[in-house]
Amino acid sequence: MSAVRQTSSDPSSTKLPPLDRAKQLAASLLSERSQASGALVARQLRELLGALDDNDRRCFQRYLATEFHPHGPALRAAAQRYLAEGTAETAAALARAAEPPRQEVLRRINMAPGGISALIAMRSEVASCMRTDPELKLLDADLKHLFASWFNRGFIELRRIDWQTPAAVLEKLIAYEAVHEIKGWDDLRRRLAPDRRCFGFFHPALPGEPLIFVEVALVEGLATAVQPLLLQDAGEAIVRQRAARADTAIFYSISNCQDGLRGVAFGNFLIKQVVEELQSEFPQLKRFSTLSPVPGFRQWLDNRLANASDPDAALLPQLESDSWWNDPAQSEKLRVPLLRLCASYLTRKPSIRIDPVARFHLGNGARLERINWLGNTAQRAIQESFGIMVNYLYDHDSIETNHEAFVRDGTIVRSPDVDALLHTTD
């Protein structure tokens, strides 16, 4: 039984202030026995939450996080029975007693039209203030737990996104692209050309909202720079010929679209299923690789070089000069040491926090294949990684072995080319 005192007042009353009414509706959700009336209360609550101001929404979130705890005496009794008997039945009873009533409130909010969107928005807001309001972590954890079930691979659908996709979805691609900005409709059209592919995961409760999408370039050889992939340099007939000749699929952008679903795994399933789709459509493809950013490299290196005793500390003044990457002579002096340092950064001991993009691909079973000098000269890339980009290779025959090695002991499977960078001299 919930630790929250159930109210006996009419939940349809409109005399209470909006925040108090929202709290009343949330508590009444647990007392409703009729599915129809429960759905009605959930609809009322969802509509009311959408009308609350920022401060009242925060107060309501804090209410959910602090008031809907497991019933203490029932939990203690269930724990004692499990410790005494240790059976599967007492373990199941303990799990039921330990589940906070808050999760059932959230499930019932999800019954309302638009409920899932409201809960995703709630988690996004909660994430932005957990540092200053740590009690919200309980609410965040419950939302994440429920989303992992509601958005598992059995419920989401892979769709190809092309120029015939509804404009409302295409507009969201432009808005959600997180790696390489889409600069309007002409840029988007190029990314959906015959030698390009775009795939996204969708959920039936959010039919017009991509959860995550990936952009793919069909090329010959392993692409080492992103700017050529984004150029609009040929007509349709030529790009169709390129697609027919392609032997490599380059995953050059993966964007999560729903901030409230962070931590819910989509990307690993997305890449593997897209590989299957591409192999079916283009049987001549031999390689599947990313062209990925290294978002944590510059911060790591700046911290390291700030120590004057570091043997590479002399690089710091050169890296702080304006537009060094546009000066061939200056950039060539930096190429070897920066590639060596980036290789070191990406292959550090597993006890050290790894680059988030590297962690994603290595955890999916990819191999650290190649580190590319000035693979992206956009300002953001220079600021994050001195323009360096990385190829992570997805080899069908070794994905599972690589994944197990990384998960088991942090082994970073890498190519001989990367190993060679680790031993270069400036």
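Give me a count of the residues in the stretch 285-344 that are more than 30 Å from Ile399 (Cα to Cα) and of a type in the set (Gly, Ala, Ser).
So the answer is 9.
Among the residues of the stretch 363-404, write down those that are touching a Leu at 6+ places or on another chain (Cβ under 9 Å) and over 30 Å from Leu231 (Cα atoms).
If the condition is that a residue be touching a Leu at 6+ places or on another chain (Cβ under 9 Å) and over 30 Å from Leu231 (Cα atoms), then Asn402, His403 are the ones that fit.
Would you point out the residue of the stretch 175-195, among those that are basic (Lys, Arg) and within 27 Å of Arg262 (Cβ to Cβ), that is most open to solvent (accessible area, probe 1.4 Å)?
Ranking the candidates gives Lys183 first.
Output the residues belonging to the stretch 87-101 that are free of Cβ contacts under 8 Å to residues at least 24 places away in the same chain and either in a helix (DSSP H, G or I) or closer than 14 Å to His145 by Cα (or both).
Ala88, Glu89, Thr90, Ala91, Ala92, Ala93, Leu94, Ala95, Arg96
Has the stretch 143-157 got at least one residue that is at pLDDT 95 or above, more than 18 Å from the chain's Cα centre (by Cα) and under 24 Å from Val357 (Cα atoms)?
Scanning the stretch 143-157, I find no residue that is at pLDDT 95 or above, more than 18 Å from the chain's Cα centre (by Cα) and under 24 Å from Val357 (Cα atoms), so the answer is no.
Per-residue answers, yes or no, for (1) without any contact (Cβ under 8 Å) to a residue 24 or more places away in the chain; (2) loosely packed, with under 14 Cβ neighbours inside 10 Å; (3) among the polar types (S, T, N, Q):
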position	(1), (2), (3)
Glu277	no, no, no
Phe282	no, no, no
Arg298	no, no, no
Leu301	no, no, no
Ala313	yes, yes, no
Lys333	yes, no, no
Val357	no, no, no
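Checking Ala265 against (1) over 30 Å from Asp395 (Cβ atoms); (2) open to solvent by 30 Å² or more (accessible area, probe 1.4 Å), which single condition isn't satisfied?
Exception for Ala265: condition (1).
What's the number of the condition Ala36 fails, among (1) of a type in the set (A, V, I, L, M); (2) surrounded by 12 or more Cβ atoms within 10 Å (Cβ to Cβ); (3) modelled with pLDDT under 95?
Ala36 satisfies every listed condition except (2).
Consider Ala79 carefully, then state whether it is at pLDDT 95 or above and either in contact with a strand residue (DSSP E or B) (Cβ under 8 Å, 6 or more places away or on another chain) or among the aliphatic types (A, V, I, L, M) (or both).
Considered against the rule, which asks whether it is at pLDDT 95 or above and either in contact with a strand residue (DSSP E or B) (Cβ under 8 Å, 6 or more places away or on another chain) or among the aliphatic types (A, V, I, L, M) (or both), Ala79 comes out as yes.
Based on this model, can you work out whether Arg298 counts as within 20 Å of Phe386 (Cβ to Cβ), under 27 Å from the mean Cα position of the chain (by Cα) and in a helix (DSSP H, G or I)?
Yes; evaluated as a whole, the condition is true for this residue.
Within the stretch 126-161, which residues are free of Cβ contacts under 8 Å to residues at least 60 places away in the same chain, assigned to a loop (DSSP other than H, G, I, E, B), farther than 28 Å from Asp54 by Cα and open to solvent by less than 80 Å² (accessible area, probe 1.4 Å)?
Of everything in the stretch 126-161, those that are free of Cβ contacts under 8 Å to residues at least 60 places away in the same chain, assigned to a loop (DSSP other than H, G, I, E, B), farther than 28 Å from Asp54 by Cα and open to solvent by less than 80 Å² (accessible area, probe 1.4 Å) turn out to be Asn152, Gly154, Ile161.
Based on what the data block shows, is Gln164 modelled with pLDDT of 95 or more, surrounded by fewer than 16 Cβ atoms within 10 Å (Cβ to Cβ) and either over 19 Å from Val357 (Cα atoms) or of a type in the set (A, V, I, L, M) (or both)?
Numbers: modelled with pLDDT of 95 or more: yes; surrounded by fewer than 16 Cβ atoms within 10 Å (Cβ to Cβ): yes; either over 19 Å from Val357 (Cα atoms) or of a type in the set (A, V, I, L, M) (or both): yes.
So Gln164 passes the test.
Taking the stretch 364-401 on its own, how many of its residues are open to solvent by 50 Å² or more (accessible area, probe 1.4 Å), under 22 Å from the mean Cα position of the chain (by Cα) and over 25 Å from Gln330 (Cα atoms)?
Residues that pass the stated criteria total 2.
Out of the residues in the stretch 210-232 that are modelled with pLDDT under 95 and in a loop (DSSP other than H, G, I, E, B), state the one that is most open to solvent (accessible area, probe 1.4 Å).
Ranking the qualifying residues of the stretch 210-232, first place goes to Gln232.
Restricting attention to the stretch 52-68, which residues are out of contact with any Lys or Arg (no Cβ under 6 Å at 6 or more places or on another chain), open to solvent by less than 70 Å² (accessible area, probe 1.4 Å) and either closer than 16 Å to Lys144 by Cα or touching a residue at least 60 places away in the same chain (Cβ under 8 Å) (or both)?
Hits for the stretch 52-68 are Arg57, Gln61, Ala65, Thr66.
If you go through the stretch 414-426 one residue at a time, how many are open to solvent by less than 80 Å² (accessible area, probe 1.4 Å), part of a loop (DSSP other than H, G, I, E, B) and over 12 Å from Leu368 (Cα atoms)? Explain how you work it out, then say what you get.
We begin by selecting, within the stretch 414-426, every residue open to solvent by less than 80 Å² (accessible area, probe 1.4 Å); these are 415, 418-422, 424.
Pick out the ones that are also part of a loop (DSSP other than H, G, I, E, B) and you get 415, 424.
Filter again for over 12 Å from Leu368 (Cα atoms), leaving 424.
Summing the residues that are open to solvent by less than 80 Å² (accessible area, probe 1.4 Å), part of a loop (DSSP other than H, G, I, E, B) and over 12 Å from Leu368 (Cα atoms) in the stretch 414-426 gives 1.
Quick grid of which residues meet (1) part of a helix (DSSP H, G or I); (2) over 27 Å from Trp324 (Cα atoms):
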{"site": "Arg335", "(1), (2)": "yes, no"}
{"site": "Cys342", "(1), (2)": "yes, no"}
{"site": "Ala358", "(1), (2)": "yes, no"}
{"site": "Leu362", "(1), (2)": "yes, yes"}
{"site": "Ile371", "(1), (2)": "no, no"}
{"site": "Arg380", "(1), (2)": "yes, no"}
{"site": "Glu404", "(1), (2)": "yes, yes"}
{"site": "Ile412", "(1), (2)": "no, yes"}
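What's the number of the condition Gln318 fails, among (1) free of Cβ contacts under 8 Å to residues at least 40 places away in the same chain; (2) open to solvent by less than 30 Å² (accessible area, probe 1.4 Å)?
It fails just one condition, (2).
The values are calculated or read from the model by the stated rules, or taken from the named source; none is laboratory data. Keep in mind it's a predicted model, so treat the numbers as computed, not measured. All Cβ positions, even for glycine, are placed from backbone atoms using ideal geometry, and neighbour counts span all protein chains on display. Side chains are part of the model used for accessible areas, which takes the heavy atoms of the whole protein and leaves out ligands, DNA and RNA. Shrake-Rupley method; radii C 1.70, N 1.55, O 1.52, S 1.80 Å.
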